[in-house]
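One structure below.
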Amino acid sequence: MLVTLEDKIRRYGRSIGIDLIGFTTAAPFLRIGEVQQQRLEMNCLSGFEEQDIEKRVNPLLTMENTKSIIAIGIGYYHKDERSVEEAHGEIARTAWGRDYHYVLMDKLLRLMEYIKKNTGEFEYKAFVDTGPLSDREVAYRAGLGWFGKNNMFITEDYGSWVFLGYALTNLSLMPDQPIIESCLQCNLCIEACPGRALKDGYNMNARKCMSYVTQTKEEIDEETRGKMKNFIYGCDVCQNVCPHNKHIVHKTEGDFIPEGNTHRPSIRKLIQMSNKEFKVLYKNTAAGWRGKNYLRRNAIIAAGNTKNPGLLLYLAEVLKDESVMIRKYAVWAIHKIGGEGKDILRKHLLLEKDQEIITEITKCLEGD
């Protein structure tokens, strides 16, 4: 029986922990171009995606001699039922364990080296969530799965809990065929979305997605802060309710198992987190890319949403923070909790030097 290069690539990929491998051509990805143009006109893009639509569509603009694209996927769902006693935040599964960008890129580069040894003249460009093409569009055309109404990429064995990457290559590989769209049309994801980011017809306003909100550097308005609940990084709500994620392969070991309770961190400890603690706990995870203060900001918002008076003491300490951003959200959280928080704000008003914070405190006190 003839063993093809595609067979060898898949076999080696599985041996190094790549769960899914598929192949597609270098033909333009026209659908994503139309979708992105539509969302651009409606101001519904997150800003994290490639802004040049032509590069988003045409692989040859990134590597002009591209003939085939190799798509990979790695399942990452780990069922964790460890209890957490005190008020805690939620970090999405994409940020549990090691940063998936590095894990997938390491495996993708190992796969590329294997191919090079077996083919001789071999050129490639590899990407994990940072390339101009859409990882999901590449994976779809390479036959790895299909799209759900939540715009997540869904696979048969791993549901939507799958990390994706791809490599542009100068090889002529036999392309796989896309899987027929298999979304169950139940609308559970649309109904459950806390930011109301999802619309029927596979439409989405990325700027309302809580995953985007937890990562943005922009000012978060008060209505949206309330919708964030206790989200510290990312949001898994639409995936948690998806029927396709009920009977899937669970990972019991590997790179994406969280250390301790880093995936459900104490809000109190997160608010007080030092630079040293951040480097140890989150620097090497996907949640750490924005830096310490954005995780602290989200923890402060979560504190306000809990309305837990026990957190006032720690929020009062935050009012001394050198970051104006941190102090501003702390004022909101203290006011949200209320009770003794009013006295905390009155006392701090006499000490605060920044006019923006003074205005914020005054607005809170006068609004009572």
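Does the range 83-96 hold any residues that are of a type in the set (S, T, Y) and buried (at least 17 other Cβ atoms within 10 Å of the Cβ), and which are they?
Step one: filter the range 83-96 for residues of a type in the set (S, T, Y), giving 83, 94.
The one that is of a type in the set (S, T, Y) and buried (at least 17 other Cβ atoms within 10 Å of the Cβ): T94.
Taking the condition at pLDDT below 95, surrounded by fewer than 17 Cβ atoms within 10 Å (Cβ to Cβ) and out of contact with any Ser or Thr (no Cβ under 9 Å at 6 or more places or on another chain), does D221 pass? Here the answer is no, as D221 does not meet what is asked. Pairs are defined by a Cβ separation below 7 Å, a sequence spacing of at least 6 or placement on different chains, a first member in the range 246-258 that is in contact (Cβ under 8 Å) with a residue 12 or more places away in the chain, and a second member that is acidic (D, E) and assigned to a loop (DSSP other than H, G, I, E, B); the pairs so defined are I248/D157; V249/D157; P258/D80.
In the range 1-16, the residues that are surrounded by fewer than 12 Cβ atoms within 10 Å (Cβ to Cβ) form Cβ pairs under 9 Å with partners that are not in a loop (DSSP other than H, G, I, E, B), at six or more places apart or across chains, as follows: V3/R11.
Tell me, please, whether a residue that is assigned to a helix (DSSP H, G or I), of a type in the set (D, E) and surrounded by 18 or more Cβ atoms within 10 Å (Cβ to Cβ) can be found in the range 345-357. No: zero hits.
Put simply, of L188, L171, L270 the only residue that is touching a Ser or Thr at 6+ places or on another chain (Cβ under 7 Å) and farther than 27 Å from Q37 by Cβ is L171. In the range 326-344, which residue that is in contact with a Leu (Cβ under 7 Å, 6 or more places away or on another chain) and aliphatic (A, V, I, L, M) is surrounded by the most Cβ atoms within 10 Å (Cβ to Cβ)? The qualifying residue surrounded by the most Cβ atoms within 10 Å (Cβ to Cβ) is A330. Looking across the range 65-88 at every residue that is at pLDDT 95 or above and among the hydroxyl-bearing types (S, T, Y), the one that is farthest from R141 (Cα to Cα) is identified as Y77.
Just give me the residues in the range 113-146 being under 16 Å from G75 (Cα atoms), of a type outside the set (G, A, S) and either in a loop (DSSP other than H, G, I, E, B) or under 17 Å from the mean Cα position of the chain (by Cα) (or both), in sequence order. Residues satisfying the conditions are V128, D129, D135, R136, L144.
Scanning the range 261-270 for any residue that is basic (K, R), modelled with pLDDT of 95 or more and under 23 Å from G148 (Cβ atoms) turns up nothing. Restricting attention to the range 97-109, the residues that are under 12 Å from I18 (Cα atoms), surrounded by fewer than 16 Cβ atoms within 10 Å (Cβ to Cβ) and not aliphatic (A, V, I, L, M) total 1. In the range 176-279, counting only helices (runs of 4 or more DSSP H) that sit wholly within it, the ones holding 1 or more residues that are within 18 Å of Y76 (Cβ to Cβ) span 210-213, 237-240.
Filtered by the rule that a residue be under 23 Å from R296 (Cα atoms), touching a strand residue (DSSP E or B) at 6+ places or on another chain (Cβ under 6 Å) and not hydroxyl-bearing (S, T, Y), the range 187-217 gives a lone residue, M210. Looking across the range 290-342, the residues that are part of a loop (DSSP other than H, G, I, E, B) and either more than 25 Å from the chain's Cα centre (by Cα) or farther than 19 Å from P265 by Cα (or both) come down to K307, N308, L319, K320, D321, E322, S323, G338, G339, E340.
Across the range 173-199, what is the total count of residues that are over 30 Å from E123 (Cβ atoms) and surrounded by fewer than 16 Cβ atoms within 10 Å (Cβ to Cβ)? Walk me through how you get there before you give the answer.
To start, the set of residues in the range 173-199 that are over 30 Å from E123 (Cβ atoms) comprises 180-199.
This time we only want the ones that are surrounded by fewer than 16 Cβ atoms within 10 Å (Cβ to Cβ), so: 180-182, 184-187, 191-192, 196, 199.
Count: 11.
W289 falls short on exactly one of the conditions (1) aromatic (F, W, Y); (2) surrounded by fewer than 16 Cβ atoms within 10 Å (Cβ to Cβ); (3) closer than 14 Å to G89 by Cα, and that condition is (3).
Taken residue by residue, the range 107-123 has no member that is among the polar types (S, T, N, Q) and touching a Gly at 6+ places or on another chain (Cβ under 6 Å). If only residues of the range 147-156 that are in contact with a helix residue (DSSP H, G or I) (Cβ under 8 Å, 6 or more places away or on another chain) and not in a loop (DSSP other than H, G, I, E, B) are counted, the one that is surrounded by the fewest Cβ atoms within 10 Å (Cβ to Cβ) is F147. Scanning the range 157-171 finds no residues that are out of contact with any His (no Cβ under 7 Å at 6 or more places or on another chain), surrounded by fewer than 18 Cβ atoms within 10 Å (Cβ to Cβ), without any contact (Cβ under 8 Å) to a residue 60 or more places away in the chain and not polar (S, T, N, Q).
The values are calculated or read from the model by the stated rules, or taken from the named source; none is laboratory data. Every value quoted in this text rests on a predicted model; they were computed, and no experiment measured them. Methodologically, a virtual Cβ is constructed for each residue, glycine included, from the backbone with ideal geometry; neighbour enumeration extends over all protein chains shown.
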